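Trainee: I'd like to ask some things about the structure below.
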Amino acid sequence: MNDVYVLDAVRTPIGRYGGALAGVRPDDLAAHVVRALADRAPDLDPAAVEDVFFGAANGAGEDNRDVARMAVLLAGLPVTVPGTTLNRLCGSGLEAAIAASRAVAVGDASLVIAGGSESMSRAPWVMPKPARGFDRGERTLHDTALGWRMVNPRMPAEWTVALGEGAEILADRYALGREVQDRFALRSHRRAAAAWERGVFDREVVPLDALGHDESVRADSTEESLSRLKPVFRPGGTVTAGNASPLNDGAAALLVGDEAGAARSGRAPLARIVSRAVAGVEPHLFGVGPVDAARTALKRAGIGWSDLSVVELNEAFAAQSLACLAEWPDLDPEIVNVNGGAIALGHPLGSSGARILGTLAHELHRRGGGYGLAAICIGVGQGLAVVLEGTGP
């Protein structure tokens, strides 16, 4: 098996729902980061890119018809460069990176691009076709931006609760009160704001449409302001808009290759992809999906929690993230999301897995090496995890 490296990683700034990137199609978001990767590789002949893997959680609107292939064409890469789109919901971007790494590991490719794209602002409303022509009666439009729709009636009701209700269930199971969730959210915003101030994201983020910073980061958040927000999913509950990730627009991409691919691109590796894993749980407990995925990825890497320098855990909800941390007692929580997480930075579904992997690769490289873990929970009850080993500057 070939060693597989993350050679570069970029992302757009993450826009708010209806914000600065709401006018940008998801295929154009994807094309932007694909083009940026090609432009940043000094020796890269774009025709040498052997495949493009992209994640998209929706696929019901402008991201239809294989958004990976659309990104290749819109980015101006040669038409000989193929592309494939994967959907593992919130884990789609990380799944794309995993698929890319496998292709390189087994020798099917030497240099590929992997990433994810999502515009939750532009996700369309959909409705089922009528069973017969000229059907009469009321029809329901479903918003495809997030969550369950057109649910199969054979699915148990407890599995199809709203994602936020799933977070409330975890809050109950792990005795996670409102205050601890709000403090976790506040830490996310403060760390993200500090990271931007230090220039941490300068190498990672490629501005788009005059947007140069993540729109959802609130440097002025306080425990008091978060405490005033009302529960969203359950009367008397604990999950609010402040301790949950927002709806967002954005894209992220990574250049992935073996040693020969690195040489052809002119890029020194940021990190080596060491191991990967997937796990499943009951759908309403989706938030703890990363728990076993991370354990398996660490085992496959031959390392333990104490060997990790930094962890990127996607923050779908504070309750969900804290539940995972409760299951990982040997993990130092201070090394988790050192530059903020999705509660502050944002969670454009299909992009987020690629975003956390790219952020992790850059952070390990800045630190001169060490092991890192990227993990993400996935709606309908799954989790993904990848272990990286950083390379020095």
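Trainee: Return the only residue of G341, G353 being within 18 Å of D182 (Cβ to Cβ) and among the small types (G, A, S).
Mentor: On the way: G353 fails: within 18 Å of D182 (Cβ to Cβ).
G341 is the lone residue from the list that is within 18 Å of D182 (Cβ to Cβ) and among the small types (G, A, S).
Trainee: Could you say which residue among V336, V311, V239 is closer than 23 Å to R218 by Cα, open to solvent by less than 20 Å² (accessible area, probe 1.4 Å), aliphatic (A, V, I, L, M) and over 16 Å from the mean Cα position of the chain (by Cα)?
Mentor: The conditions single out V239.
Trainee: Which of the residues belonging to the stretch 39-81 are part of a helix (DSSP H, G or I), hydrophobic (A, V, I, L, M, F, W, C) and free of Cβ contacts under 8 Å to residues at least 60 places away in the same chain? Talk me through it step by step, then tell me what you get.
Mentor: Restricting attention to the stretch 39-81, the residues satisfying the condition of being part of a helix (DSSP H, G or I) are 39-40, 46-48, 67-74.
Now restrict to residues that are hydrophobic (A, V, I, L, M, F, W, C): 47-48, 67-68, 70-74.
A47, V67, A68, M70, A71, V72, L73, L74 - these are the residues of the stretch 39-81 that are part of a helix (DSSP H, G or I), hydrophobic (A, V, I, L, M, F, W, C) and free of Cβ contacts under 8 Å to residues at least 60 places away in the same chain.
Trainee: While we're looking at this one, here's another question. Of the residues that make up the stretch 60-72, is at least one at pLDDT 95 or above, out of contact with any His (no Cβ under 9 Å at 6 or more places or on another chain) and among the polar types (S, T, N, Q)?
Mentor: Within the stretch 60-72, none of the residues are at pLDDT 95 or above, out of contact with any His (no Cβ under 9 Å at 6 or more places or on another chain) and among the polar types (S, T, N, Q).
Trainee: For the stretch 305-330, which positions are more than 20 Å from L186 (Cα to Cα) and touching a Leu at 6+ places or on another chain (Cβ under 7 Å)?
Mentor: Listed by number, the residues that qualify are W305, L308, S309.
Trainee: In this structure, does A323 turn out to be in contact with a Gly (Cβ under 7 Å, 6 or more places away or on another chain) and at negative phi?
Mentor: Considered against the rule, which asks whether it is in contact with a Gly (Cβ under 7 Å, 6 or more places away or on another chain) and at negative phi, A323 comes out as yes.
Trainee: If you check N64, N58, which single one turns out to be more than 21 Å from H347 (Cβ to Cβ) and out of contact with any strand residue (DSSP E or B) (no Cβ under 6 Å at 6 or more places or on another chain)?
Mentor: N64
Trainee: Going through G302, G289 one at a time, which residue ends up being under 29 Å from D3 (Cα atoms) and free of Cβ contacts under 8 Å to residues at least 12 places away in the same chain?
Mentor: None of the others qualify; the one that does is G302.
Trainee: Here's another thing I want to ask about it. Filter the stretch 203-219 down to the residues that are modelled with pLDDT under 95 and closer than 17 Å to A193 by Cα and list them by number.
Mentor: Result: A219, single match.
Trainee: Among the residues of the stretch 372-383, is any surrounded by fewer than 24 Cβ atoms within 10 Å (Cβ to Cβ) and within 13 Å of the chain's Cα centre (by Cα)?
Mentor: yes
Trainee: Sticking with this one: Can you tell me which of (1) aliphatic (A, V, I, L, M); (2) surrounded by 15 or more Cβ atoms within 10 Å (Cβ to Cβ); (3) within 30 Å of G107 (Cβ to Cβ) is the one A260 doesn't meet?
Mentor: Only one criterion is unmet by A260, namely (2).
Trainee: Could you tell me whether the stretch 75-88 includes any residue that is within 15 Å of A374 (Cβ to Cβ) and modelled with pLDDT of 95 or more?
Mentor: Yes, there is a match, as at least one residue in the stretch 75-88 is within 15 Å of A374 (Cβ to Cβ) and modelled with pLDDT of 95 or more.
Trainee: Now, a different point. Taking L37 as the residue in question, decide whether it is of a type in the set (A, V, I, L, M, F, W, C) and either in contact with a Lys or Arg (Cβ under 6 Å, 6 or more places away or on another chain) or open to solvent by 10 Å² or more (accessible area, probe 1.4 Å) (or both). First the steps, then the outcome.
Mentor: Values: of a type in the set (A, V, I, L, M, F, W, C): yes; either in contact with a Lys or Arg (Cβ under 6 Å, 6 or more places away or on another chain) or open to solvent by 10 Å² or more (accessible area, probe 1.4 Å) (or both): no.
In short, no.
Trainee: Select from the stretch 100-133 the residues that are more than 30 Å from R272 (Cβ to Cβ), under 22 Å from the mean Cα position of the chain (by Cα) and either aromatic (F, W, Y) or outside any loop (DSSP other than H, G, I, E, B) (or both) and list them in ascending order.
Mentor: Result: S119, single match.
Trainee: Which is touching a Cys at 6+ places or on another chain (Cβ under 7 Å) and aliphatic (A, V, I, L, M), of I343, I335, I376?
Mentor: I376
Trainee: In the set L89, L44, L7, which member is of a type outside the set (D, E, K, R) and more than 20 Å from A271 (Cα to Cα)?
Mentor: Numbers: L44 fails: more than 20 Å from A271 (Cα to Cα); L7 fails: more than 20 Å from A271 (Cα to Cα).
Every option except L89 fails the conditions.
Trainee: Consider C90 against the criteria (1) open to solvent by 40 Å² or more (accessible area, probe 1.4 Å); (2) within 18 Å of the chain's Cα centre (by Cα): it satisfies all of them except one. Which criterion is unmet?
Mentor: Of (1) open to solvent by 40 Å² or more (accessible area, probe 1.4 Å); (2) within 18 Å of the chain's Cα centre (by Cα), only one is false for C90: (1).
The values are calculated or read from the model by the stated rules, or taken from the named source; none is laboratory data. It should be emphasised that the depicted structure is a prediction, and the values quoted were computed from it without experimental measurement. Positions of Cβ are generated from backbone atoms using ideal geometry, with glycine treated the same way; all protein chains shown enter the neighbour counts. To get the accessible areas, we keep the full protein, side chains included, count just its heavy atoms, and leave off ligands, DNA and RNA. Shrake-Rupley method; radii C 1.70, N 1.55, O 1.52, S 1.80 Å.
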